[in-house]
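Here's the structure we're looking at; comments come further down.
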Amino acid sequence: MSEGSARILEEAYRLMPGGVSSPARSFRAVGVPPLVLARGRGPRVWDAEGREFIDYLMAFGPLILGHAHPRVVEAVTEAAAQGTAFGATTALEVELARLICQALPAVEMVRFVNSGTEATMSAVRLARAYTGRAKVVKFEGCYHGHADGLLARAGSGVATLSLPDSPGVPPAYAQETIVLPYNDLTAVEEAFRRHGEEIAAVIVEPVAANMGVVPPIPGFLEGLRRLTAQYGALLIFDEVVTGFRLCYGGAQTLYGVPPDLTCLGKVIGGGLPVGAYGGRREIMSLVAPEGPVYQAGTLSGNPLAMAAGIATLRLLQEAHAYARLEALAARLEEGLQEAVARAQVPATVQRVGSMLTLFFTPQAVRNYAAARACDTQRFARFFARMLERGVLLPPSQFEAWFLSLAHGEEEVAHTLEAALKALQGL
Ligand code: PMP
């Protein structure tokens with residue numbers, strides 16, 4: 001690392017815990033100093049020294065069009081010139097709400113918030129209010145933001161740093177969360193048999209992306225739909241990652257399973273801070289001021305974020321956007337599988353749409369226990385070697401690589417060449 005980044009990092013460590021504003025950025029699990037990034041364009045980023053990287057971190061998911069897409073930059077610039085916040089309804093907000101409700105079959109009304117964490121926290125509150133019950137079922141290795149009750153055995157940075165469930169969460173909160181293995185419908189059936197009358201909701205990442213990419217096994221989501229309906233609990237799909245990522249209508253369209261409530265974030269803000277939760281009118285009508293469930297936000301529905309989101313969704317509506325993502329991601333997946341086989345490294349590639357993970361384990365990963373069995377030291381060496389070759393991966397075994405519409409054959413070819421070299425003798 002040259003001096004510019006080193007100086008910035010030194011000050012960052014002094015002024016901010018771990019030198020970061022979010023733990024997953026710290027590179028702790030990969031044993032190299034974190035990057036200080038200065039600029040991004042399309043599929044690439046540049047650090048403070050001007051070193052260039054092909055980016056698969058992609059800001060942890062929002063940038064489905066790539067960095068600084070001209071139409072998004074233009075939309076944000078235009079919105080900023082009109083005023084950055086009002087504390088009142090704007091046409092932009094209504095427009096993004098309309099696009100979301102048209103796209104997602106299970107969303108009739110939506111409330112904007114500022115992050116995915118707020119979306120899941122608010123959806124759980126709403127589910128509890130609607131059902132008059134307290135308990136929530138979540139799955140090991142799924143991450144739903146950092147609200148108290150949802151941190152139990154969470155994926156993402158909590159998994160990366162091997163943290164126990166966070167101190168500071170009162171036991172009384174944690175007791176209301178039932179944590180089960182992902183893809184294990186029998187465990188869910190058992191939980192409902194024992195606690196059916198007390199369970200307000202099941203919250204799930206319909207494709208898990210925070211223990212690495214783990215798809216639902218056939219019947220899992222359908223089973224959750226059936227059991228929640230049978231016991232009068234709500235099914236919450238946390239589509240913060242998958243919404244507008246896997247296809248325009250999200251995982252609920254891809255798998256044909258309609259949840260009661262949907263949480264969104266990332267892509268719907270086009271890289272600006274945003275989140276949202278929505279669902280059937282009958283449930284959403286309980287949200288204040290229409291109903292008694294309180295939830296609010298000074299900057300919620302912020303015009304800059306709304307403008308970026310609208311520009312992004314409009315571009316995603318253009319012909320073949322998802323087919324292009326799928327084709328390129330399939331090419332990357334196949335190439336990585338070939339490289340793994342040639343280098344004779346025990347590893348498995350798992351992909352759904354434009355997100356994938358190279359797991360350093362020979363078996364398919366179906367749940368958190370299997371993800372945890374990966375060789376994270378090997379991942380760390382792989383990450384460092386890829387970085388040396390100009391490819392920035394998410395800095396953890398337990399995160400998804402994201403492709404964007406700005407990635408092309410050239411980037412994938414460079415990545416595969418780098419991957420083959422990095423995997424050899426790993
Ligand atoms: N849900 C999921 C599935 C996520 O991946 C994340 C963040 N990566 C969140 C919720 C929380 O979103 P935020 O970081 O915007 O609070």
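Every read-out reported here was derived from the displayed coordinates using simple, explicitly stated rules and does not represent laboratory data. Every value quoted in this text rests on a predicted model; they were computed, and no experiment measured them. Here the Cβ positions follow ideal geometry from the backbone for every residue, glycine too, while neighbour counts run over all protein chains shown.
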For the chain: Kirkwood Rh in Å [reciprocal of mean 1/r, alpha carbons]: 21.9 Å
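Round to the nearest 0.05 the FRET efficiency obtained for Arg39 and Thr253 when R0 = 22 Å and r is the Cβ-Cβ distance.
On the way: r = 35 Å, r/R0 = 1.58.
For Arg39 and Thr253, the calculated efficiency is 0.05.
With the contact rule set at Cα under 8 Å and sequence spacing of 6 or more, what percent relative contact order holds for the chain? Walk me through the intermediate numbers first.
Values: 860 pairs, mean separation 97.2, N = 426.
The normalised contact order for the chain reaches 23 percent.
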What ranking do 419-425, 52-58 get when scored by the average of other Cβ atoms within 10 Å per residue, highest first? 52-58, 419-425
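Could you sort the peptides 333-345, 147-159, 301-313, 203-215 by per-residue average Cβ neighbour count (10 Å cutoff), highest mean leading?
Working: 333-345: 16.1, 147-159: 22.1, 301-313: 25.1, 203-215: 28.0.
Going from most to least packed, we get 203-215, 301-313, 147-159, 333-345.
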What's the percent breakdown of Cα-Cα distances in the range 132-286 across 5 Å bins, shortest bin first? 2, 9, 18, 23, 22, 16, 8, 2, 0
With just the Cα atoms defining each centre, how far is the range 9-31 from the range 118-161? Give it in Å. 25 Å
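Summing +1 for each Lys or Arg and -1 for each Asp or Glu, what net charge is found among the other residues whose Cβ lies under 9 Å from the Cβ of Gly155? Please report the intermediate quantities before stating the final value.
Details: positive: Arg153; negative: Glu140, Glu205, Glu399.
Taking every other residue near Gly155 into account, the sum is -2.
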Whole-Å distance linking the alpha carbon centroid of the range 44-82 with that of the range 291-330 is 15 Å
In nm, spacing of pseudo-spin labels at Ala413 and Gln295 (7 Å Cα→C-beta vector): 4.7 nm
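Using packing as a proxy for protection, rank 77-90, 175-188 so that the peptide with the highest average count of other Cβ atoms within 10 Å comes first. List each step's numbers first, then the result.
Working: 77-90: 11.9, 175-188: 18.6.
So the order, starting with the most tightly packed, is 175-188, 77-90.
Excluding Arg39 itself, what net charge comes from residues whose Cβ is under 15 Å from its Cβ, given Lys and Arg +1 and Asp and Glu -1? Walk me through the numbers on the way to the answer.
Numbers: positive: Arg41, Arg44, Arg51; negative: Asp47, Glu49, Glu52, Asp55.
Around Arg39, the surrounding residues sum to -1.
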Rounded to whole Hz, the Karplus (6.51, -1.76, 1.60) HN-Hα couplings of the range 175-187, x for glycine and proline: 5, 7, 9, 9, 9, 10, x, 5, 6, 10, 5, 4, 5
